[in-house]
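Written out below as structure tokens is the structure these notes cover.
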Amino acid sequence: MELLLAPEDKKKIESGIREKYAKVAAGPEGLFKYPTGRAGLEALSYDPEILKTLPSSVLDSFCGVGNPFSLGPLNPGDAVLDIGSGGGLDSLVAARMVGPGGKVVGLDLSPEMVTRANENLRQTDFANVVFQEFSGEDLLFEDGSFDVVLSNGVFNLIPGKGRMLQEACRVLKPGGRLLIADQILTGTLTKSTPERIDSWFR
Amino acid sequence: MDFLALMKEAGFGGAEMAGDTGFNSSAVTKGTMFRAKKGIGEKAMSVEDGLKKYREFFEMAYADGALDRKMKHLVALGASLGAGCEP
Ligand SMILES: C[S@@+](CC[C@H](N)C(=O)[O-])C[C@H]1O[C@@H](n2cnc3c(N)ncnc32)[C@H](O)[C@@H]1O
């Protein structure tokens, strides 16, 4: 699973991801094989009371593949990192759960996604959420900065899964939790890299 | 190597799959939940790290302070002889 990739190949994958997600940032509708936006959130049983408090444009931009909060609620005051935060839905749900005493950082490789997340954030009154543009493979945070690291539909896109997991572990406090929703292989992928990235789309 | 093994190698403990989500992005993949914790079953300290920590402790204990280093060593010698230890 951990592929050894030449730096050029890694760049190719990353630029492929950036290109695809520049489109998704405008709206994921019709670009995935599973329901996105509000329909996806309802099917995954996100807490309707929390969804009600968020602007509809953030609900629309959801394209996750699971509900990380189904693994247990976050605690008030928690510091949370959302790797591959996309339009920022999970980050904002997390912000609601941790309250004003907590904080949330969402990061994403795609500049368009970060812009979309910031637009979504501006429609809320959260003062403790930031979205930043960088890769989950190099986390610019001190050791032990977070209580929870979550990630929704991102790891399978990443060539350096092991590296990203090590980074996630490093920035977690001892006893901190990792909550992931992702895709795992049930068959064989024989396709080339661009097709692999494409396999996320119809 | 599978994802759970990668999680363990990265230093996570209690790594487990926690069910399918029903959201599949292609015919050959399926949505799955994972969870793990930092700190349970973390990688054990290496022998070198252990020795280094012991040396740090030893140096700190014998550093010149209210008693100087030589005096501390003599006290330790007396104490270990008194306790019947091999100094
Ligand atoms: C399927 S979307 C999920 C977005 C969001 N988590 C959600 O649930 O709506 C995957 C996201 O991962 C981002 N991504 C891919 N590789 C990344 C990397 N190395 N570091 C950070 N983000 C990455 C993509 O830009 C995209 O926004």
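Please give the peptides A:77-85, B:13-21, A:103-111, A:166-174 ranked by average Cβ packing (other Cβ atoms within 10 Å per residue), highest first, as a rough proxy for protection.
Descending packing order for the listed peptides: A:77-85, A:103-111, A:166-174, B:13-21.
Grab the beta carbon distance between residue B:52 and residue A:134, set R0 = 30 Å, and tell me the FRET efficiency rounded to 0.05.
After rounding, the FRET efficiency stands at 0.35.
Within chain B, how many Lys pairs sit with Cα atoms under 26 Å apart, leaving out pairs fewer than 8 places apart on the same chain?
Taking the Cα cut-off of 26 Å, the pair count is 16.
Could you give the length gained by full extension between residue A:39 and residue A:141, i.e. 0.36 nm per residue of separation minus their alpha carbon distance, to one decimal place?
The span from residue A:39 to residue A:141 would gain 33.3 nm if fully extended.
In whole percent, what relative contact order does the stretch A:7-184 give with Cα contacts below 8 Å and a gap of six or more residues?
22 percent
Alpha carbons only, please: Rg and Dmax for the stretch B:1-44, in angstrom.
For the stretch B:1-44, the Cα-based Rg and Dmax read 12.4, 40 Å.
Helix B:69-82 sits at what angle to the longest principal axis of chain B, using alpha carbons and giving 0 to 90 degrees rounded to 10?
90 degrees
Restricting attention to the alpha-carbon atoms of the stretch A:1-78, what are Rg (one decimal) and Dmax (integer), both in Å?
Rg then Dmax for the stretch A:1-78, in Å: 16.2, 47.
Number of Lys pairs in the stretch A:7-184 with C-alpha atoms less than 17 angstrom apart, excluding same-chain neighbours closer than eight positions?
9
So what is the 222 nm mean residue ellipticity for the protein assembly as shown from helices alone, if each DSSP H run of at least 4 adds -39500 (n - 2.57) and you divide by all residues, rounding to the nearest 500 deg cm²/dmol?
After summing the helix terms and dividing by the residues of the protein assembly as shown, the value is -11500 deg cm²/dmol.
Taking a quarter of the surface of the convex hull around the Cα atoms of chain B, what do you get in nm²?
Mean projected area of the Cα convex hull: 10.3 nm².
If eta is 1.002 mPa s and T is 20 °C, what Stokes-Einstein diffusion coefficient results for the protein assembly as shown, Kirkwood Rh from Cα pairs, in µm²/s?
Answer from the Stokes-Einstein relation: 103 µm²/s.
Every read-out reported here was derived from the displayed coordinates using simple, explicitly stated rules and does not represent laboratory data. Please read all numbers here as calculations on a predicted model, not as lab measurements. Every residue, glycine among them, receives a Cβ derived from its backbone with ideal geometry; neighbour counts consider all protein chains shown.
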